[in-house]
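K.L.:
Quick one: the structure is below, questions incoming.
The values are calculated or read from the model by the stated rules, or taken from the named source; none is laboratory data. Values in this document were obtained by computation on a predicted structure and should not be read as measured data. For neighbour counting, all protein chains shown are included, and Cβ atoms are generated from backbone atoms with ideal geometry for every residue, glycine included.
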Amino acid sequence: MTAAGLVYSPYLYEIHDDPYPTYARLRDEAPVYRNAAGDFWALSRHADVVGAFRDNVRFSSAHGVSLDPAASGPHAHRTMSFLAMDPPMHGRMRGLVSRGFTPRRVSELEPRIRELARGHLDAALAKGDFDFMDELAGRLPMDVISELIGVPAADRDEVRRLSNLLVHREEGTEDVPAAGVEAAFTLIAYYADLLADRRAHPTSDLTTALLAAEVDGDRLTDDEIMGFLFLMVVAGNETTTKLLGNAWYWAWRNPDQRATPFADPTRIPAWGEETLRYDTSTQMLARRTTEDVTLHDTTIPAGERVVLLVGSANRDERVFSCPDVYDLDRPEAELQHIASFGFGRHYCLGASLARLEARVCLEELVARVADYEIDPAGIRRVHSSNVRGFASLPTTVTLR
Ligand code: HEM
């Protein structure tokens, strides 16, 4: 189905600026959209996006979940681990990793996350004006992953710099830039050394737990563990950084909504959830059809790339009331439908960690800050094919 003048591509800067009017048109005029030049299809309605997430037989992840050529194809699992696998490989890997990445390990991190957030916040507030992305949101998630993995404090800035290079895209390019590919190799080498060290000197970190993980005599190989460590960086770093920035930005833009968590900190989780719905950091994920799929009278042939527009599903008026309003008082029944962590077998393994980080970081902010302003002239977005959020949010705070 095509509609006159309707163009969607995750590489367009105008889509990065504001994808939502295009999403609304896609949902209404072309729910099974074809971008012939880019050689992909796009699903934008909530029901279709959720249906494809749940149908991992016809919508395969085996070629990765990105349109970027360097990150897609049959070898995608080498860098994307089980995110780029179908059953039964997916179940085996996720099962083994889950032995180490347990809910208990995540919840036990809370005091350490708070300490890390306070440290970054102290330094930022001491400066008076600070960049929310550079000083806080851009630091905390990677530090938390490094904490989990067992990366020593001295290496964390460099590991964060390399991880950020992986997801940045220059305008006009539709692939991982050379600097990103180089950063990937450097990170892989770094993790290989870490693994060798933990094998010789076990600790209580996740890397050591993954080396010991076993299901019925089956264990993870070193390559598989490195693939997973790499996946955590790709899947859990930028996404959480951008969630924090988006929460800060949209609360600033909506003072009536901002007042709620600042007056009553028990409402901070609602701030995180509504941000996840309203402007999620992971805007889309790709799949590949394994057979012909017919939706809304249009047939997508087997072997085609299909992007699932998560950001559009979250604004679907068929599911959410007044979807374009940022509203922290949404009924619980609506919150169940937020598509931001996916659905089915690939449901985000780090969802509870992302929520914990967001809650703790926002709690620490609200405890210290009475109100804030963002300088509109200094706001800058990142340009990425699937991550949505800010590179810069210059902030001035009024302290409590
Ligand atoms: C706001 C933050 C986050 C968002 C929006 C997010 C979003 C998602 C989504 C949509 C998926 C499903 C992908 C698919 O179906 O193809 C996913 C998978 C995954 N996420 Fe997250 N994520 C976030 C944070 C994290 C964190 C903090 C971690 C871990 C440190 C993490 C680890 C993973 C992993 C390992 C998978 C693969 C699961 C699988 O394929 O079985 N994520 N994430």
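K.L.:
What number of residues in segment 206-232 are modelled with pLDDT of 95 or more, within 16 Å of the ligand (Cβ to nearest atom) and not hydrophobic (A, V, I, L, M, F, W, C)?
P.N.:
Qualifying residue count for the region: 1.
K.L.:
Condition check: of a type in the set (Phe, Trp, Tyr) and out of contact with any strand residue (DSSP E or B) (no Cβ under 7 Å at 6 or more places or on another chain). Does Tyr11 satisfy that?
P.N.:
yes
K.L.:
While we're looking at this one, here's another question. Find the residue count for segment 285-318, including only residues that are farther than 17 Å from Pro21 by Cα, crowded, with 16+ Cβ neighbours inside 10 Å and either among the aliphatic types (A, V, I, L, M) or free of Cβ contacts under 8 Å to residues at least 12 places away in the same chain (or both).
P.N.:
Number of matching residues: 7.
K.L.:
Return the pairs, sorted by first residue and then second, in which the second residue is polar (S, T, N, Q), the first residue lies in segment 258-277 and is part of a helix (DSSP H, G or I), the beta carbons are less than 6 Å apart, and the residues are 6+ apart or on different chains.
P.N.:
Qualifying pairs under 6 Å: Arg267/Thr260; Thr275/Asn246; Leu276/Ser340; Arg277/Asn314.
K.L.:
Here's another thing I want to ask about it. Kindly list the number of the only condition in (1) among the charged types (D, E, K, R); (2) closer than 22 Å to His337 by Cα; (3) within 16 Å of the ligand (Cβ to nearest atom) that fails for Arg267.
P.N.:
Checking Arg267 against (1) among the charged types (D, E, K, R); (2) closer than 22 Å to His337 by Cα; (3) within 16 Å of the ligand (Cβ to nearest atom), the one that fails is (3).
K.L.:
Also, I was wondering about something else. When segment 235-246 is examined, which residues are found to be within 10 Å of the ligand (Cβ to nearest atom) and crowded, with 22+ Cβ neighbours inside 10 Å?
P.N.:
Gly236, Asn237, Glu238, Thr239, Thr240, Thr241, Lys242, Leu243, Leu244, Asn246
K.L.:
I'd like to know if segment 168-189 contains one or more residues that are at pLDDT below 95, closer than 18 Å to Asp155 by Cα, among the aromatic types (Phe, Trp, Tyr) and crowded, with 21+ Cβ neighbours inside 10 Å.
P.N.:
No: segment 168-189 contains no residue that is at pLDDT below 95, closer than 18 Å to Asp155 by Cα, among the aromatic types (Phe, Trp, Tyr) and crowded, with 21+ Cβ neighbours inside 10 Å.
K.L.:
Give me the helices (runs of 4 or more DSSP H) completely within segment 142-244, filtered to those with at least 3 residues that are over 29 Å from Gly272 (Cβ atoms), ordered by residue number.
P.N.:
The helices (runs of 4 or more DSSP H) meeting that bar are 178-200, 206-212, 222-236.
K.L.:
Going through segment 351-388 one residue at a time, which ones are near the ligand (Cβ under 10 Å from one of its atoms), under 14 Å from Lys242 (Cβ atoms) and not charged (D, E, K, R)?
P.N.:
Ala354, Ala358, Asn386, Val387, listed by residue number.
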